[in-house]
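Undergrad: The structure follows.
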Amino acid sequence: MAEEHVVAELKDLAEGDFRVFALDAFEVGIFRLGDQVLAYENVCPHAGGPVCQGKILNRVEEALTPDKKSIGLKFSERRHVVCPWHGYEFDIETGCHPGDARMRLRRIKVDVRDGQIYVRVPD
């Protein structure tokens, strides 16, 4: 059965912030997006890098006119974490790589109860 750990108090994780926690040999990244708290294993599916320790950037999208002509690039509201080893990006809300949805971060069960953030380390 998976083991549950308290990793932090919710008040200590500001909106848009993230932290990486080591739970024995398992590392988990906790991300706060508004009222959402998300958790992923700190392992990039590309080459095993410490993905949750990467930079957080807003996704770059192409801006289009109503008739679908490009007018340049813009930052969207969606946030990505960028793996520090090779630059692979992953959408923080979904854990998916923007170019290949089959390449995704391993989501970890996370709960907030009584102001505490709990994660469930998989077996």
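Undergrad: Which count do you get for residues in the stretch 51-105 that are closer than 20 Å to GLY16 by Cα and of a type in the set (S, T, N, Q)?
TA: Selection size over the stretch 51-105: 4.
Undergrad: Still on this structure: Is it fair to say ARG32 is under 24 Å from ARG120 (Cα atoms), basic (Lys, Arg), in contact with an Asp or Glu (Cβ under 8 Å, 6 or more places away or on another chain) and without any contact (Cβ under 8 Å) to a residue 60 or more places away in the chain?
TA: Here the answer is yes, as ARG32 does meet what is asked.
Undergrad: Output the residue which, of all residues in the stretch 80-110 that are touching a residue at least 40 places away in the same chain (Cβ under 8 Å) and surrounded by fewer than 18 Cβ atoms within 10 Å (Cβ to Cβ), is nearest to the chain's Cα centre (by Cα).
TA: Looking at residues that are touching a residue at least 40 places away in the same chain (Cβ under 8 Å) and surrounded by fewer than 18 Cβ atoms within 10 Å (Cβ to Cβ), I get GLU93.
Undergrad: (1) in contact with a Ser or Thr (Cβ under 7 Å, 6 or more places away or on another chain); (2) under 21 Å from PRO122 (Cα atoms): which one isn't true of GLU61, the others all being true?
TA: (2)
Every number in this text was worked out from the coordinates using simple rules, so none of it is lab data. Every value quoted in this text rests on a predicted model; they were computed, and no experiment measured them. As a convention, Cβ positions derive from the backbone with ideal geometry for all residues, glycine included, and neighbour counts pool all protein chains shown.
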